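What follows is one structure encoded as structure tokens, with my remarks underneath.
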Amino acid sequence: MMMQFKPQEKLQTALAASELFAAWVDGRLNAPFLKPGHGDARVELEMALAPVEGHRGPTPLFGSSWVPGWAEDLAEDLPDAGDRAAFRENLGRLRDGAADVVVTGQQPGFLGGPLYTLYKIATAVELARLRTERGLPTVPVFWSGDDDDDLAEALSPVAWDPGPDQAVRATAVPLDGKRAPVIGRLSRQPWQEEAAAWLTSSAKSGGLAGELADLWSMARAEDWPLSRVNRRLVLRLFSGSGLVVVSGDDPGLHTVSHPLYETIRERGEALREAGHSRGRELVDMGWHAQINDRSLARPLFRIVDGRRVPQPSSELPADTAGIRPGVMLRSPVQDWLLRPAAVVVGPGELAYLRQLDAVYEVLGVPRPPLVPRLFAWAVPRDFPVQRLEDFRKAGRVDPAAGARLADRAAKEAGRLLATILTDEVGLTPDRAADLAAGRTRRWRKGVEAMLKDEMRRQAERAAPSRPGWVFPDGQRQERKLALGCAAAFWGGDFVATVRRAARAHLEMGATGDWREFTLEVPALGQEKVK
């Protein structure tokens, strides 16, 4: 029997804590600096389903000499002959400029990373299919952020042991006081052994779980880096979809990006100022600046001994193969290389890209339409959906919410401190404002950490106790449960259901009716809902 999915709460209600995102899907994001249509997710989806304006011919990436080596490596990781044949056909179109791309991305992580990565890819795959059905040949692209070094985020997803109903966690990577290594290059780590052991124990029923267990066993035997394991995983899960994977840590990709890096070198100060000013505008409007001044001041990095080291943009080397973009420039580099017809995003990325609108303008890079990803909960059949509403009301856990509230607290505290320094100490208003801003900026970090910790505790208290995998660690399931865990539990039927839900998500979104979905899956073992 085919798994079922159902639309549930409106996204603007389900994600109310992400205020900017909620306003966007509700069509009421009226920031004065936005271009027409960019404050309404429905309108951006319409733009995403229309012909790409302003260019014809191959993109900088697919029209470059980078393609043959990448294509050979990717073909080796495709699941079967059918996928390889489809890839060759799509590659020909991409190299001729006869096909567009839809892109989404995420860093690799424990057992493939969080479940929402699956939802992002499924949305990109179905959006590409919708465009193709409209006579606009389109290839879905997953940009693997394997050049990242945020190990805490990469290892935060959990698998689940349904017997004792408890999480299976990744062992942290010891750093010995050094910079964190680039995630995609890691191999032979304890958490890779833990992932393999969990998959092996879950593979007794065979099927997709058995295939994934074999994949991890092969990765261990041949010492694959995490980047390749993750690539093989998503290509297997989306076999038959035409999905291709691009690695953010690919040196050849950054060689192709040399002309853009030259522009970055020439306009470095203007880029920093654009990101800073737009961030302040967002804060003044009651939202949050995703990129802080420290990150804005470090737009580029170079790879040294497998680690990211800041690279002054004014000292750009002639060979940019070892250069990697920082937070401010990851998306502009991607969009310059691919010229996508659309980018599939979640709440954090929307806020991040809103701050980068001004950066895109300075670089002269067109900003493609943004499309919301699928949002969904995998729940047992007959699960009382009121539990989801109770969780939303009690928890309100969203990574941006703590930052936004800390911004608000710092703004009010800064005003009060500046007033005291002026009225009671006798400083000039400018001097008082500078001192207050510096002091509250440092104070704000502790406030944000405290808010996030208390929000997490509140969510854990509010979440039903069983089954634990619905609310792992009291968090939104899609942020915490590993996608490889869900795929092993529920197999190819689950992935197919996610794709069908993503298609419905887009079709309903085209009418302005954006919804969160439930995906009805078999319960695990003898567990009961409590």
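Every condition in (1) on the phi < 0 side of the Ramachandran plot; (2) of a type outside the set (A, V, I, L, M, F, W, C); (3) buried (at least 21 other Cβ atoms within 10 Å of the Cβ) holds for residue 319 except the one numbered (3).
Inspection of region 149-171 identifies no residue that is in contact with a Leu (Cβ under 9 Å, 6 or more places away or on another chain), acidic (Asp, Glu) and modelled with pLDDT of 90 or more. Here residue 75 clears all of (1) over 30 Å from residue 472 (Cβ atoms); (2) over 25 Å from the mean Cα position of the chain (by Cα); (3) not charged (D, E, K, R) except the condition numbered (2). Residues that are more than 12 Å from residue 488 (Cα to Cα), in contact with a helix residue (DSSP H, G or I) (Cβ under 9 Å, 6 or more places away or on another chain), hydrophobic (A, V, I, L, M, F, W, C) and in a helix (DSSP H, G or I) within region 216-250 comprise 216, 218, 219, 226, 229, 234, 235, listed in sequence order. Please verify whether region 167-189 includes one or more residues that are within 23 Å of the chain's Cα centre (by Cα), among the polar types (S, T, N, Q) and part of a helix (DSSP H, G or I). No, region 167-189 has no match at all.
Within region 289-315, the residues that satisfy the criterion of being of a type in the set (A, V, I, L, M) and either assigned to a loop (DSSP other than H, G, I, E, B) or open to solvent by 60 Å² or more (accessible area, probe 1.4 Å) (or both) are 289, 291, 297.
One residue stands out in region 94-129 among those that are part of a strand (DSSP E or B) and among the aliphatic types (A, V, I, L, M): the one that is surrounded by the fewest Cβ atoms within 10 Å (Cβ to Cβ), namely 103.
Inside region 169-182, can you point out the residues that are touching a residue at least 60 places away in the same chain (Cβ under 8 Å) and open to solvent by less than 60 Å² (accessible area, probe 1.4 Å)? Outline the logic, then answer.
Residues of region 169-182 that are touching a residue at least 60 places away in the same chain (Cβ under 8 Å), as a first pass: 170, 178-182.
170, 180, 181, 182 - these are the residues of region 169-182 that are touching a residue at least 60 places away in the same chain (Cβ under 8 Å) and open to solvent by less than 60 Å² (accessible area, probe 1.4 Å).
Considering region 130-143, the residues that are aliphatic (A, V, I, L, M) and open to solvent by 10 Å² or more (accessible area, probe 1.4 Å) include one that is farthest from residue 349 (Cα to Cα), namely 136.
How do the helices (runs of 4 or more DSSP H) wholly within region 414-523 filter down when requiring 3 or more residues that are in contact with a helix residue (DSSP H, G or I) (Cβ under 9 Å, 6 or more places away or on another chain), open to solvent by less than 50 Å² (accessible area, probe 1.4 Å) and modelled with pLDDT of 90 or more: which remain? Let's see the steps before the verdict.
Values: elements: 429-462, 477-480, 483-509.
Helices (runs of 4 or more DSSP H) meeting the threshold: 477-480, 483-509.
The values are calculated or read from the model by the stated rules, or taken from the named source; none is laboratory data. Here the structure is a predicted model, which means the values were calculated and not measured. Positions of Cβ are generated from backbone atoms using ideal geometry, with glycine treated the same way; all protein chains shown enter the neighbour counts. These area figures cover heavy atoms from the full protein model, side chains too; ligands, DNA and RNA do not enter into them. Shrake-Rupley method; radii C 1.70, N 1.55, O 1.52, S 1.80 Å.
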